[in-house]
1. Which residue pairs have Cβ atoms closer than 9 Å, lie 6 or more positions apart in sequence or on different chains, and pair a first residue in the range 226-251 that is over 25 Å from residue 330 (Cα atoms) with a second residue that is in a helix (DSSP H, G or I) and acidic (Asp, Glu)?
2. Could you identify the single residue in 153, 144 that is crowded, with 17+ Cβ neighbours inside 10 Å and either basic (Lys, Arg) or over 24 Å from residue 79 (Cα atoms) (or both)?
3. Tell me which of these residue 72 doesn't satisfy, since it passes every other one: (1) free of Cβ contacts under 8 Å to residues at least 60 places away in the same chain; (2) surrounded by 21 or more Cβ atoms within 10 Å (Cβ to Cβ); (3) in contact with a Leu (Cβ under 6 Å, 6 or more places away or on another chain).
4. Kindly indicate whether residue 179 is small (Gly, Ala, Ser) and without any contact (Cβ under 8 Å) to a residue 12 or more places away in the chain.
5. Just to be sure before I move on: is residue 259 over 17 Å from residue 202 (Cβ atoms), hydrophobic (A, V, I, L, M, F, W, C), loosely packed, with under 15 Cβ neighbours inside 10 Å and in contact (Cβ under 8 Å) with a residue 60 or more places away in the chain in the structure I sent?
6. Would you say residue 314 is among the charged types (D, E, K, R), under 18 Å from residue 200 (Cα atoms) and in contact with a helix residue (DSSP H, G or I) (Cβ under 8 Å, 6 or more places away or on another chain)?
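Just so you know, all these numbers are worked out from the coordinates, no wet-lab data involved. Here the structure is a predicted model, which means the values were calculated and not measured. Positions of Cβ are backbone-derived with ideal geometry, glycine not excepted, and every protein chain shown enters the neighbour counts.
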Amino acid sequence: MGIAVEQVASGAGLRQFIRFPLALYAGDPCYVPHLLSERKRFFSPANPLFEFTEVGYLLARDEAGEVVGRVTAHINRRHNEFWGERTGFFGFFESVQRLEVAQALLTAAEQWLKERGMGLVRGPLNFSTNEECGFLVEGFDKLPVFMMPYTKPYYLDFMGQLGYAKAKDLLAYSYAHTGEIPRRLSEFAERAARRAEATVRTMRMEAFEDEVRTAFSIYNQAWAQNWGFVPMTEAEFAYMARELRPVVDPSIALFAEVAGEPVGFSLGIPDYNPILKRMNGRLFPVGFLLFLLGRRRIRAIRVLTLGVLKEHRKRGLDALLIYWTFANGLAKGYRWGEFSWVLEDNVLLRRALERFGAVPYKTYRIFEKAL
């Protein structure tokens with residue numbers, strides 16, 4: 001019989017889709033599962049991204065009927081409208097170490113996309129560059145940080161054997177506190193603040209919805225020219241903000257302002273992944289207690305977004321935001337951070353990070369293939 005691929009058509013099938021990674025990565029010291037409750041919300045029709053994303057959920061079963069792989073085929077209409085493309089995507093790819101499973105899954109995904117008029121497939125994107133994306137290329141020996149993926153090394157072999165080529169690499173930068181804020185960064189930030197007449201402030205949680213609208217405006221403008229960027233809808237951005245609100249530390253959620261107007265935004269999040277790993281996807285009965293007790297001991301953060309409006313770039317405001325992330329983070333007890341992800345050809349941000357000693361230590365890769 002071989003490998004059979006089926007499209008999910010029921011709630012039971014979607015539950016199998018969501019839970020498959022728990023079995024695939026069981027015992028892996030570097031895998032961190034999503035909370036099952038969060039995944040159910042994410043894949044729910046109530047998620048605003050489904051207003052413009054068409055999805056096919058695919059499961060692969062072996063000769064005994066056991067689930068051995070999963071993938072989505074999806075079309076993001078906003079991506080294609082923004083870039084003038086006919087690009088389809090695959091995402092949420094997971095498979096046992098059997099080439100025939102990966103081939104069956106991706107062939108089915110490619111056929112699904114071709115039937116809907118797509119000329120190129122790109123992935124993995126879950127569901128866009130605004131979410132988790134890429135297969136891990138290096139850094140398999142380290143726990144991923146909050147909201148970053150961890151994938152099997154053999155997925156890279158699958159890509160080469162199935163005709164996929166590199167589309168873009170995404171880098172994660174690491175910085176460990178060495179005892180003080182790098183002097184070069186402090187001096188550079190001071191000059192930038194003076195020359196641009198800029199200030200940095202923290203997020204006002206008491207006006208959270210207003211702050212989210214401000215961040216949304218900056219985000220869609222500041223990232224518009226980045227490779228693969230898809231403008232978020234206000235509803236989509238607000239949904240993501242609501243999901244993140246319980247884990248936001250306002251001291252490392254920052255706005256840069258010039259003449260009182262917000263022109264830049266950066267968001268750092270405490271790295272909850274060591275706690276989430278212990279929770280193993282479940283909030284109850286003890287997961288919630290682990291979360292409450294563990295959050296006070298977090299000493300690492302992930303800076304997951306940092307951007308400045310185009311007309312205010314090359315004035316050092318990115319370094320200013322980085323400096324205050326350092327200063328406020330150190331005051332809160334954080335001692336290590338990851339900046340991720342950064343496009344391999346984002347020279348300005350890479351230069352700013354490397355200026356104070358951050359180093360690239362993980363690489364994620366997005367692949368593509370003509371249909």
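1. Final answer for the pair search is 233/51; 235/51; 236/51; 238/209; 243/38.
2. One residue alone meets the criteria, 144.
3. (3)
4. Yes.
5. So residue 259 passes the test.
6. Judged against the criteria, residue 314 is a match.
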